[in-house]
Amino acid sequence: MKLSKKIVAASAAAFMLGGCYNQPGLVEDQSYDRTKTGVAAGAVAGSMIGYNTGKHDAKSAIIGGLLGAAVGGAIGYNMDQQANEVARALGTGVNNDPLAALDPRRDIVVSKYNNYVKIIFRDRMMFATGSSKLQSNARNKVNKVAQVLRNYPQTIVGVAGFTDNVGSYQYNLGLSQRRAATVSNILAVNGRPYTKGCSYNKAIAPNDSATNRALNRRVEVYLYADRNRMSDPCR
C-alpha cells in the first residue's frame, strides 16, 4: 500500500509537470485528446516510477503503469470536462480552430490547449468604449465562469487585458490592466488569479483596420491545472 501511494503521487506529479506539456500555445487539442494523453503519459511515468521505486521487476512496473494511467486519464478528463462546462455556461462550444479568434462575429471563444483552457471575451461585448466597468450581460457571463470554477477548486486562473496600439502606450496599458482586474476580481473564487495588461504585444490581427483593432481589444482568461506550466500571456 505504501508503494502504491508513492506511485500514485509520483505518477500524478510526473504527468502534470511533464507528460501533458506538448508545445503549449502552438498545438490545440481536439475534444478529449487530453484524456488519452493523460492515460499514455501516466502509464509511461507510472511504469518507470514503479520499476525504480519497487523491486525493479515487471510486476512493480505493471502496477505503476496501471495506476499512472488511471491518474493521468482522470486528470486529462477533468481538464476536458472543465472546458466543456465553461463553454456550456457561456452558451458557446469549445472551438479548437485557431481561426475562430479572427472571426469578428464571435464575442466569446473558448479553446483548449495542451495545458490550459483559454476564454476570449471581445471588448465590444464586455465594456463600453474607454471604460473598465463590465456591461451587465458581460458581468453575467463572467459570473457563470466563476460558478463553474467552484467545481474545480485546484484551477489556477490568469487574466490578461489587451488593447490595440491606437493612442498612447501608457493609456492603453493602464486600461488593459484595469479591465483585466475587473474580470479577475469576479473570478477570484478559489485562489489567487494573476492579472496582466498587454498593449502592443500578442495582437490577434495587424492594427491596420477598425475591424482588426476591435479584434485586438479583448480580455483573455486562462485556466491552468499546474502552476509550473503557467506562461506570460503578454509575450
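The values are calculated or read from the model by the stated rules, or taken from the named source; none is laboratory data. For clarity, every value in this text was computed on a predicted model and none was experimentally measured. Heads up, the Cβs are rebuilt from the backbone with ideal geometry, glycines too, and the neighbour counts pull from every protein chain shown.
In this structure, does Gln147 turn out to be modelled with pLDDT under 85 and out of contact with any Cys (no Cβ under 7 Å at 6 or more places or on another chain)? Judged against the criteria, Gln147 is not a match.
Ser184 fulfils the conditions (1) within 19 Å of the chain's Cα centre (by Cα); (2) over 22 Å from Val94 (Cα atoms) except for a single criterion, (2). For residues in the range 182-213 being part of a helix (DSSP H, G or I) and in contact with a helix residue (DSSP H, G or I) (Cβ under 6 Å, 6 or more places away or on another chain), which is nearest to Val148 (Cα to Cα)? Filtering first and then ranking leaves Leu187. Scanning the range 86-141 for residues that are within 14 Å of the chain's Cα centre (by Cα) and surrounded by fewer than 18 Cβ atoms within 10 Å (Cβ to Cβ) yields one hit, Asn96. Report, by residue number, each residue of the range 201-235 that is surrounded by 15 or more Cβ atoms within 10 Å (Cβ to Cβ) and among the hydroxyl-bearing types (Ser, Thr, Tyr). Correct list: Tyr222, Tyr224.
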